[in-house]
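What follows draws every value from the coordinates through simple rules; no lab data is involved. A quick note: this is a predicted structure, and the numbers were derived from the prediction, not measured. A quick note on method: Cβ atoms are made from the backbone with ideal geometry, for glycine too, and the neighbour counts reach across all protein chains shown.
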Amino acid sequence: MGLCPTNVATHLPGRVHRAKEGAATGTRKVVALGVIIASKMGYKGNLFRTSNVSQRTAPVTLRNFTLLLVVLLGLAVLSPAANATPNYTVNSDSTVSDSTTGLTWMRCSLGQTWDGSTCTGNATGYTWANAVALTSSFASHNDWRLPNIRELQTIVDRTTYNSAINATVFPNTPASHFWSASADAYYSNYAWYVNFRNGYAGSGAKTPSFQVRLVRVGQSFGLSRPSTDYSDSGGGTVSHTPTGLIWKRCSEGQTWTGNTCSGNATTYTWDGAMALTSNFSGNNDWRIPTEEELISLVDYTIPYPGPTINTAWFPNTSASDFWSASAYADNSNGAWLVDFDDGYANANHDKDDSFQVRLVRGGTVF
């Protein structure tokens, strides 16, 4: 058995401020239907997070191939454009490696125990100060650490909720708040966290006791988005080197003048944003980004009130909410967005609300 190590933490009173987390008010019946159909077919994988997990199989015979294809096509219609999915390999030492990011994670939250098939027991709560000070010798490595906010969001699965994570890879994950190692750039007594009930990412007081999952190695996931990360693709577009995504430099409704974005951005309902098409700079495959893609633009080193984006490459960006293409799994009337005044990822608003849009094409995103 693998024991996820625990440290003694001092539990201090505190409360989360600037809360933007939406309430759970609904379910996605189509997801449940897909699970039922797939289970009848003997499919043992996770249709709704297309992670490639070794040691997990999905037997599909010729007899049920047509049905599986129908299910997958239906989900493709309902889902936003695909983002780069984790490519998980389950290791024999109670860890899991993601070849997409190069990160290796403990499968259990700290305080839980791996019994050979699942995580048992209760996760330990830590204040932020105790969480960032954690060290661990586990699975023959002693370089385990608290992930930063960009790393922590790579294991979020916003196509599900309660918990918003791949439950096969990370079983019995509490549907609660997990600390990141990232302090808030504006409020010195705040730090970033992810709520794994729904995938919300925000910041709050450092004093509450939240759960922790440790990580090691991996690619460089810096909090900033320096100008050197981007290159001019011409015609009012910019390429983002870390992800390969190509973005319009201006929000929809603005005009690229050759050196800046002029005019006012147009706001759209979510359905209006999803219906947008564009023939721009010689390409007609522009689309609204997924939540993960939109998050990739956030510069977490820029303090509130933002805008939390590189304004040298995205001039005159409003410090406000921008729609993503990602529907909210916990409420069919909601969808995910990013608030560029602070970088929060949230789904507090109805699809009938109107927000700004930035279009993207191509690329791969973590």
Grab the Cα-Cα distance for Asp353 and Asp143, subtract it from 0.36 nm times how many residues apart they are, and report the gain in nm with one decimal. 71.1 nm
Rank-order 289-295, 126-132, 169-175 by packing density, defined as the average count of other C-beta atoms within 10 Å over each peptide's residues, highest first. 289-295, 126-132, 169-175
Calculate, in nm to one decimal, what Thr301 and Ser278 gain on full extension: separation in residues at 0.36 nm each, minus their alpha carbon distance. 5.1 nm
Charge context of Thr237, other residues only, Cβ under 13 angstrom, K/R +1, D/E -1: +2
For segment 87-163, state the semi-axes of the equivalent ellipsoid (square roots of 5 times the eigenvalues of the alpha-carbon gyration tensor), sorted largest first and rounded to whole angstrom. 18, 17, 15
Test of understanding: what is the full-extension gain from Asn122 to Ala319, defined as 0.36 nm times their sequence separation minus their Cα-Cα distance? 67.0 nm
Of the trypsin sites (Lys or Arg not before Pro) in segment 118-197, which ones lie in a loop per DSSP and count no more than 12 other C-beta atoms within 10 Å? none
Rg/Rh for segment 224-366 to two decimals, with Rh computed the Kirkwood way over all alpha-carbon pairs. 0.93
Any chance you could check the Cα centroid distance between segment 105-124 and segment 250-303 for me, in angstrom? 41
